[in-house]
Amino acid sequence: MKFICLGYIDSHAFAAAPVADQQAMMDSCFIYDDQLRANGHFKGGEALQPPETAKTLRYANGRVVATDGPFVESKEQLGGILILEARDLDHAVELISKHPGAKFGPWEIRPAADLSEMVRQSEVRRRAASTFQTMRDLAASPAQVFAAMQDPVRLARWWGPHGFTNTFDSFEFRPNGKWVFKMIGPDGRIYPNECVFDTIDANRRIVIRHISAPTFVLTLLLEKTTTGTRIAWEQVFDDPSVASVVRPIVEPSNEQNLDRLAAEVAR
């Protein structure tokens, strides 16, 4: 098991000790740390500069406030952190009780928390908040739908929401190929776009990485059905906060995009 060991020290008392005593204490600590390393117990650690070099951050009245020094007024202040590998808490206590630093201040020993499941759940939530999905059944074969995507003339006709037109500066329809274009809105406003085709699987899958802001990955999956093709449209933004802002625009725009694709394959 991994334990986080917090070593406290009275820095003023240490500074007042004779230099020879200070050096002897530090030497004995380093020797014991080397023993812990040799036995596979020392997994990391850092000494800290004196408390007067610190800043403490607190959230108050809707903002973060920084103050000088440690938050807790105490004679003994945190002097260092040691990451320890031990069988259990009792074993960790046994190892730290032999540390020379224990003579100069208390140690707090806590088992390290395993946050892997919490991280996984957070990633799922954040991906969900950043993801826009829709689906449409088209009365055309996967090959016909794919053809409307790989042909730049046809793609320019249907790409984007209702009322938008496109001009392509570069269209390299291959893995790692660039797609640089401008979308022109109904009001004449120009929206530059730069993308890279990450994956192209003919008649099945296209993955487009939008590398100009806002950045996202668009995955188009084509599935053959008894009536034609089901296209799954998944757009994942890199930044959940951006996804939240553009959601009212993106969701109807993606549906309009599929409306225009349906019209194109029906031509």
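The values are calculated or read from the model by the stated rules, or taken from the named source; none is laboratory data. All figures in this text were calculated on a predicted structure; none of them were measured in a lab. Heads up, the Cβs are rebuilt from the backbone with ideal geometry, glycines too, and the neighbour counts pull from every protein chain shown.
Just to confirm my filter: which strands (runs of 3 or more DSSP E) fall fully inside the range 180-267 and include at least 1 residues that are on the phi > 0 side of the Ramachandran plot? Lay out the reasoning, then the answer.
Values: elements: 190-201, 205-210, 216-225, 228-237.
Ranges flagged: 228-237.
Among the residues of the range 198-205, is there at least one that is in contact (Cβ under 8 Å) with a residue 40 or more places away in the chain and among the small types (Gly, Ala, Ser)?
yes
List every residue pair whose Cβ atoms lie under 8 Å apart, where the two residues are 6 or more positions apart in sequence or sit on different chains, the first residue falls within the range 234-247 and is more than 10 Å from residue 131 (Cα to Cα), and the second residue, located anywhere, is among the aromatic types (Phe, Trp, Tyr).
What qualifies is 246/237.
Within the group 66, 128, 143, which residue is under 32 Å from the mean Cα position of the chain (by Cα), within 30 Å of residue 222 (Cβ to Cβ) and not in a loop (DSSP other than H, G, I, E, B)?
Exactly one residue qualifies, and that residue is 128.
Which of the residues belonging to the range 8-24 are in a helix (DSSP H, G or I) and β-branched (Val, Ile, Thr)?
Selection gives 19 alone.
Looking at 115, 89, can you tell me which residue is hydrophobic (A, V, I, L, M, F, W, C) and touching a Pro at 6+ places or on another chain (Cβ under 7 Å)? Walk me through how you get there before you give the answer.
Working: 115 fails: touching a Pro at 6+ places or on another chain (Cβ under 7 Å).
None of the others qualify; the one that does is 89.
Of the residues 180, 119, 93, only one is free of Cβ contacts under 8 Å to residues at least 40 places away in the same chain, within 30 Å of residue 22 (Cβ to Cβ) and not acidic (Asp, Glu); which?
Unique residue meeting the criteria: 93.
Do we find a residue being crowded, with 17+ Cβ neighbours inside 10 Å, under 24 Å from residue 144 (Cα atoms) and touching a Pro at 6+ places or on another chain (Cβ under 9 Å) anywhere in the range 208-226?
Yes, because at least one residue in the range 208-226 is crowded, with 17+ Cβ neighbours inside 10 Å, under 24 Å from residue 144 (Cα atoms) and touching a Pro at 6+ places or on another chain (Cβ under 9 Å).
Restricting the first residue to the range 1-28 and requiring it to be within 16 Å of residue 50 (Cα to Cα), which pairs with a second residue that is among the charged types (D, E, K, R) meet a Cβ separation below 7 Å and a spacing of at least six or different chains?
Between residues of the range 1-28 that are within 16 Å of residue 50 (Cα to Cα) and residues that are among the charged types (D, E, K, R), the close pairs are 6/108; 8/76; 9/76; 10/75; 10/76.
Hey, among the residues in the range 122-149 that are in contact (Cβ under 8 Å) with a residue 40 or more places away in the chain and among the polar types (S, T, N, Q), which one's surrounded by the most Cβ atoms within 10 Å (Cβ to Cβ)?
Restricting to residues being in contact (Cβ under 8 Å) with a residue 40 or more places away in the chain and among the polar types (S, T, N, Q), the top hit is 130.
Do the conditions hold for residue 55, that is, is it out of contact with any strand residue (DSSP E or B) (no Cβ under 8 Å at 6 or more places or on another chain), touching a residue at least 12 places away in the same chain (Cβ under 8 Å) and loosely packed, with under 14 Cβ neighbours inside 10 Å?
no
Can you pull out the residues in the range 121-161 that are of a type in the set (Asp, Glu) and not assigned by TED's automatic domain parsing to the domain that holds residue 183?
Of the residues in the range 121-161, the ones of a type in the set (Asp, Glu) are 123, 137, 151.
Answer for the range 121-161, where residues must be of a type in the set (Asp, Glu) and not assigned by TED's automatic domain parsing to the domain that holds residue 183: just 123.
Can you tell me which of 13, 54, 60, 24 is more than 37 Å from the chain's Cα centre (by Cα), of a type outside the set (Phe, Trp, Tyr), assigned by TED's automatic domain parsing to the domain that holds residue 81 and at pLDDT below 90?
Values: 54 fails: more than 37 Å from the chain's Cα centre (by Cα); 60 fails: more than 37 Å from the chain's Cα centre (by Cα); 24 fails: at pLDDT below 90.
That would be 13, the only listed residue that is more than 37 Å from the chain's Cα centre (by Cα), of a type outside the set (Phe, Trp, Tyr), assigned by TED's automatic domain parsing to the domain that holds residue 81 and at pLDDT below 90.
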